[in-house]
Amino acid sequence: MRPVIPYVVAALLFGAGVYGVLRRRNAVLVLMAVELMLNAVNLILVTADTTVRATLPHGGQVFALFVIVLAAAEVGVGLAIVLQLYRLRSSVAVDTVRLDAAPASELDEPRMVAHER
Amino acid sequence: MTGADVLLLALGAVAVGAGALVVTTDQLVRAGLYLVVCLGAIAGLYLVLTAELVAWVQVLIYVGAVVVLLLFAVMLTRAPIGRSPDLNRPGLPAALIGGGAGLGLAALFADAFRFTKVDLPGPGNAEAIGTELFRSWVLPFEVLSVLLLAALVGAIIVSRPDIGSKS
């Protein structure tokens with residue numbers, strides 16, 4: 001088994017994830033690209049676990065399991081935030097979120113802000 | 001070229017191709033379905049790498065739960081079925097940074113490992129991972145359960161407008 005194959009696959013997946021996070025406007029698609037990056041890191045952890053003799057056996061696989069749990073928690077909270085954003089703006093485009101606007105004023109006139117684009 | 005190499009190459013090609021489609025497709029629901037293909041191929045890679053437990057956990061949690069949650073999010077935000085023209089921002093900076101990160105890391109790994117060969121260990125089983133998890137990694141495991149509880153409470157508070165911060 002040549003370890004270079006899964007390592008290169010993980011690197012390319014990570015690049016695709018970075019591209020997706022920077023390219024996409026839809027918040028759900030940004031979350032999907034983040035999942036790609038997390039999976040690339042998991043692949044590196046598992047490959048290293050298989051190919052490297054470590055003091056503690058199977059540390060890489062245990063870490064991969066931890067990362068999977070963290071990803072599940074992240075998606076749950078991310079979904080809640082995306083749905084709240086949609087409730088406020090009727091849109092999930094990440095580049096129309098104004099970081100300097102007060103949340104109270106958005107609650108008053110959600111429709112106007114939503115159609116501003 | 002052994003059989004494991006061929007399997008790794010094929011599954012890796014499927015994973016990278018599906019991953020590229022996830023970040024380039026014009027249709028929201030299809031992006032979620034390509035994500036299923038990509039995560040499934042990665043689970044196959046774990047199986048070839050003898051990480052059996054991680055592969056099944058990947059299928060259960062990622063393909064079974066995370067993708068379903070993402071598809072829920074797609075539906076709850078009333079995403080249109082079919083092509084959406086406004087999914088992307090200008091692509092040049094993203095392509096530069098993403099391509100640079102991906103190809104740079106790939107070149108680094110290729111240079112570090114070249115054509116070294118490693119013998120695969122015997123097939124892994126859940127018992128070895130479980131023993132290791134509860135012998136050396138008990139404290140992180142328990143902290144992780146607290147984190148899951150915190151994420152659960154946080155998601156409930158964020159998504160209910162009547163108990164969020166209103167003042």
* Compare B:51, B:150, B:79 in a GNM of chain B, Cα atoms joined below 10 Å, and give the one with the largest fluctuation. => B:150
* Debye intensity ratio in log₁₀ form over the Cα atoms of the protein assembly as shown, taken at each q of 0.10, 0.15 Å⁻¹ -> -0.58, -1.15
* Asked: Could the peptides B:152-161, B:98-107 be put in order, highest first, of the mean number of other beta-carbon atoms found within 10 Å of their residues?
  -> B:98-107, B:152-161
* Hey, what number do you get for the protein assembly as shown at 222 nm if only DSSP H runs of n ≥ 4 count, each worth -39500 (n - 2.57), divided across all residues, to the nearest 500? -> -23500 deg cm²/dmol
* Structure fact -> Net charge near residue A:62 (other residues with Cβ under 12 Å of its Cβ; Lys, Arg +1; Asp, Glu -1) is -1
* Principal-axis tilt of helix A:4-23 within chain A, Cα atoms, nearest 10 degrees -> 10 degrees
* Between residue B:132 and residue B:69, what is the FRET efficiency for a Förster distance of 25 Å, r being their Cβ-Cβ separation, to the nearest 0.05? -> 0.30
* **Rounded if a/c under 1.5, otherwise prolate or oblate - chain B, Cα gyration tensor axes** => oblate
* **At R0 = 41 Å, FRET efficiency that the Cβ-Cβ distance of residue B:112 and residue B:157 yields, to 0.05** => 0.35
* Asked: Looking at the stretch B:59-73, which residues lose a minimum of 40 Å² of accessible area between their chain alone and all protein chains in place, measuring with a 1.4 Å probe and not counting ligands or nucleic acids?
  -> B:61, B:62, B:66, B:69, B:70, B:73
* Can you bin the stretch B:106-167 into rounded, prolate or oblate? Criterion: square roots of the alpha carbon gyration tensor eigenvalues sorted a ≥ b ≥ c, rounded for a/c under 1.5, prolate for a/b above b/c, oblate for the rest. => oblate
* Structure fact -> Once both label points are put 7 Å beyond Cα along the C-beta direction, the residue B:60-residue A:95 separation in nm becomes 4.1 nm
* Provide a whole-number value for the mean count of partner chain Cβ atoms within 10 Å of the Cβ atoms in peptide A:88-100. => 1
* Taking the Cα centre of chain B as origin, work out the dipole magnitude from +1 charges on Lys and Arg Cβ and -1 charges on Asp and Glu Cβ, in debye rounded to 20. => 560 debye
* Asked: Counting partner chain Cβ atoms within 10 Å of every residue's Cβ in B:150-160, what's the average?
  -> 5
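The values are calculated or read from the model by the stated rules, or taken from the named source; none is laboratory data. These figures come from a predicted structure and were not determined experimentally. Note: ideal-geometry Cβ built from the backbone for every residue, glycine included; neighbour counts use all protein chains shown. Side chains included, ligands, DNA and RNA excluded: accessible areas come from the protein's heavy atoms. Shrake-Rupley method; radii C 1.70, N 1.55, O 1.52, S 1.80 Å.
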